C-alpha cells in the first residue's frame, strides 16, 4: 500500500480543499445521510477533511472513526479534529479493520482502494464492520479517461499512463459495482462526479496535480527530467494563451448492507 510522507500529505491536504473536491465531499456526505448519534467510519481518512464533516453530522453523541495507513496524514487529521471528542483516529490498513462486526451505521472510503493490495479482503472488511442496513459510500477515479490540453499529446499520454503503473488497482470504477454486489450489498447506485477545470486557477485540483503527474512518471522511468520540464513549460504556455483544459471523472458508489 502507498504510504504518504509529510510532503505528499501536505499536497493532498491542499488539493482536497479546492472547490471541485469540496463539491465531491458534500455529495458524499449527502449520500451517507448521517444522523445525530450514529457511528461512522472513514476508511482511509487522509488528512481528515471528510471525517471532520462526518463528526459534525453525528454530533457529540455519535462516533466518527478514522483509519489511515499514513501517520503523516493522521497528523493533519488529528490537528483538524482536535476539538472533537467524538473523533477517534488510528493508524492501520483497510485490509484488516480493528473493529468488531456490525460496529458502524455508515462507512466511507475515498481514493484509497486504488492503493490496496488485497482489494477483495478490504471490501469484505467494509461489509463485516457495517451494521445490517448500514450505508457505504466509495469514491474512485477513472484515471484512464483524464483529458488535458497539451502541445504534446503523446507525451501527456505517457505521463498519464504512469499512474496505471504506479497504482495497484488503476481505473477501479469499471470493476467496483459487481464486486460490491457479489459481497451482498444492495440498493447499489453509481453517479459521476467530474473534476472539470476549463480554465486555469492555481487553486484548482489539476493545478495541484500537474507536478505530481510529472514526478510519478519520472520516478517510474517513463519520462526524463528534460521531458518533464518540457511538458510543464508547455502547459504554462497554454495557460498564458488562456487555452488550459483538464477533466477527469470520479465515481461515487453507494450501497446498503
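No value in this document is a laboratory result; all are computed from the given coordinates. This one's a predicted model, so the numbers in the text were calculated from it and none came from an experiment. All Cβ positions, glycine included, derive from the backbone under ideal geometry; neighbour counts span all protein chains shown.
So the values come out like this:
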read-out: Cα→Cβ-extended label distance, 7 Å offset, between residue 131 and residue 199, nm; value: 4.8 nm
read-out: Rg/Rg_globular for the stretch 44-104, with Rg_globular taken as 2.2 N^0.38 Å and Rg from C-alpha atoms; value: 1.05
read-out: The stretch 31-142 shape via C-alpha gyration tensor axes, a/c threshold 1.5; value: oblate
read-out: Relative contact order (percent, whole number), the stretch 6-256, Cα cutoff 8 Å, 6+ residue spacing; value: 21 percent
read-out: Cα-based helix-to-principal-axis angle, 153-166 vs the chain, degrees rounded to 10; value: 30 degrees
read-out: The stretch 93-190: C-alpha gyration tensor shape, a/c 1.5 cut-off, then a/b vs b/c; value: prolate
read-out: Distribution of pairwise C-alpha distances over the stretch 6-256, 5 Å bins, in %; value: 1, 6, 13, 17, 19, 16, 11, 8, 5, 3, 1, 0
read-out: Rounded to 10°, Cα long-axis angle of helix 71-80 versus longest principal axis of the chain; value: 70 degrees
read-out: Approximate shape of the stretch 200-257 as ellipsoid semi-axes (Cα gyration tensor, √5λ), whole Å, largest first; value: 27, 18, 8
read-out: Order of 257, 118 under a 10 Å beta carbon neighbour criterion, fewest first; value: 118, 257
read-out: Modelled FRET efficiency - R0 30 Å, residue 240 with residue 22, Cβ distances, 0.05 increments; value: 0.60
read-out: Nearest 10 degrees, 0 to 90: helix 19-32 Cα axis against the chain principal axis; value: 20 degrees
read-out: Stretch gain in nm, segment residue 247-residue 190, where the contour uses 0.36 nm per residue and the Cα spacing is subtracted; value: 18.6 nm
read-out: Convex hull of Cα atoms in the stretch 138-257, direction-averaged projection (nm²); value: 7.9 nm²
read-out: Rounded Å value of the spacing that divides the Cα centres of the stretch 181-222 and the stretch 50-81; value: 22 Å
